[in-house]
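Shown next, in structure tokens, is the structure this report addresses.
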Amino acid sequence: MNSDIDPRTSLSLVGSFCNGVATSFVTISSCHPFFTIKTRVMSGLSLPSCHQLYAGYRINLACDVSNQAVAFFAFNFFSKVIMQGKKLSEVENFIGGLFAGAMAAPLLSSLERIMILQQVHIPSTSQQSKNSIFNLLKSIGREEGWRGYSRGLAPTFFRESINSACFFGLSQLIHPIAKKHLGDNAGACMLSYQVSGAIAGFLTTPFDLIKTRMQNHVGGHEGLVFHTQKIGTKNLFTGALARSGMISSTMMVMGLISTKIPTLFPNYLFERKHSDDSE
């Protein structure tokens with residue numbers, strides 16, 4: 001990432017992991033209602049009421065914390081270990097993003113299914129225990145076996161690879177162009193993540209739609225091909241506007257927060273060179 005605007009480049013691998021956790025907490029806590037709206041739109045349901053906007057918040061937080069912690073760690077690992085610490089080119093930023101998304105997808109897919117089930121099947125107050133994380137996990141295991149916990153992994157893999165490539169790669173490609181026209185670094189940073197998020201949201205809508213349809217009910221063993229055919233090619237971008245808006249908002253918040261939080265970290269979460277320079 002651009003070292004003149006991004007302190008993440010000097011974080012250690014552990015520091016990157018901590019940055020992902022902290023960034024995720026702030027981002028999801030502020031943007032979770034967008035996830036609920038998106039899930040219900042893609043499932044063909046009505047918009048949630050105000051008291052339903054934070055349905056599935058805890059599991060979504062667990063989803064995104066694991067996702068961003070692994071993704072930030074994986075991208076830094078790609079940069080520091082695989083690429084041996086050299087300044088990444090634009091193409092290498094994209095490759096690093098693809099790598100980060102692929103590494104984060106397996107755990108995210110399993111956790112995200114619980115969130116989707118909670119958002120689609122919002123119970124009355126007296127029945128909330130049936131919709132608990134533990135009970136949903138038991139239901140999946142009982143109805144679908146151990147394979148049920150990896151249901152939707154393939155579309156999640158493609159979705160997260162594209163998302164991370166846009167976050168780590170496309171945003172860095174857009175930033176200098178935005179800065180040239182805006183003349184303001186902060187505004188250019190915000191715009192670059194907004195545009196990257198909107199593009200990522202649009203491109204990944206088919207994968208997210210298929211994954212949502214695969215994961216929004218318990219029982220049955222229909223796979224990716226079945227749901228793709230059932231949705232129909234012309235309907236694969238259903239909910240694209242809602243998803244583009246959601247990803248644009250969350251990627252902007254995540255991008256800005258992830259560059260600010262490291263400035264609060266102690267020196268031991270940075271590479272030694274950073275610590276020496278700051279003394």
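Considering the conditions (1) in contact with a Lys or Arg (Cβ under 8 Å, 6 or more places away or on another chain); (2) of a type outside the set (Phe, Trp, Tyr); (3) touching a residue at least 24 places away in the same chain (Cβ under 8 Å), residue 227 is excluded by exactly one of them, (3).
Going residue by residue through the stretch 261-278, is there one that turns out to be without any contact (Cβ under 8 Å) to a residue 40 or more places away in the chain, buried (at least 21 other Cβ atoms within 10 Å of the Cβ) and part of a helix (DSSP H, G or I)? No, that holds for no residue. For the stretch 205-227, the set of residues classified as farther than 21 Å from residue 106 by Cβ and surrounded by 14 or more Cβ atoms within 10 Å (Cβ to Cβ) consists of 205, 217, 226, listed by residue number. Only one of the listed residues (226, 202) is at pLDDT below 90, in a helix (DSSP H, G or I), among the aromatic types (Phe, Trp, Tyr) and on the phi < 0 side of the Ramachandran plot. That residue is 226.
In the set 246, 251, only one residue is modelled with pLDDT of 90 or more and closer than 14 Å to residue 31 by Cβ; that residue is 251. Residue 119 meets each of the listed conditions (1) in a helix (DSSP H, G or I); (2) within 30 Å of residue 173 (Cα to Cα) apart from (2). One residue stands out in the stretch 38-75 among those that are surrounded by fewer than 24 Cβ atoms within 10 Å (Cβ to Cβ) and polar (S, T, N, Q): the one that is nearest to the chain's Cα centre (by Cα), namely 66. Being outside any helix (DSSP H, G or I) and not charged (D, E, K, R) is the requirement here; does residue 237 meet it? Answer is yes for this residue. Residues in the stretch 176-199 that are part of a helix (DSSP H, G or I) and surrounded by fewer than 19 Cβ atoms within 10 Å (Cβ to Cβ): 176, 177, 180, 181, 182, 185, 186, 187, 190.
Evaluating residue 217 against the criteria (1) under 30 Å from residue 233 (Cα atoms); (2) in a helix (DSSP H, G or I); (3) not β-branched (Val, Ile, Thr) leaves one unmet condition, (2).
The values are calculated or read from the model by the stated rules, or taken from the named source; none is laboratory data. All of these numbers come straight from a predicted model, not from anything done at the bench. Glycine gets a Cβ as well: all are built from the backbone with ideal geometry, and neighbour counts include every protein chain shown.
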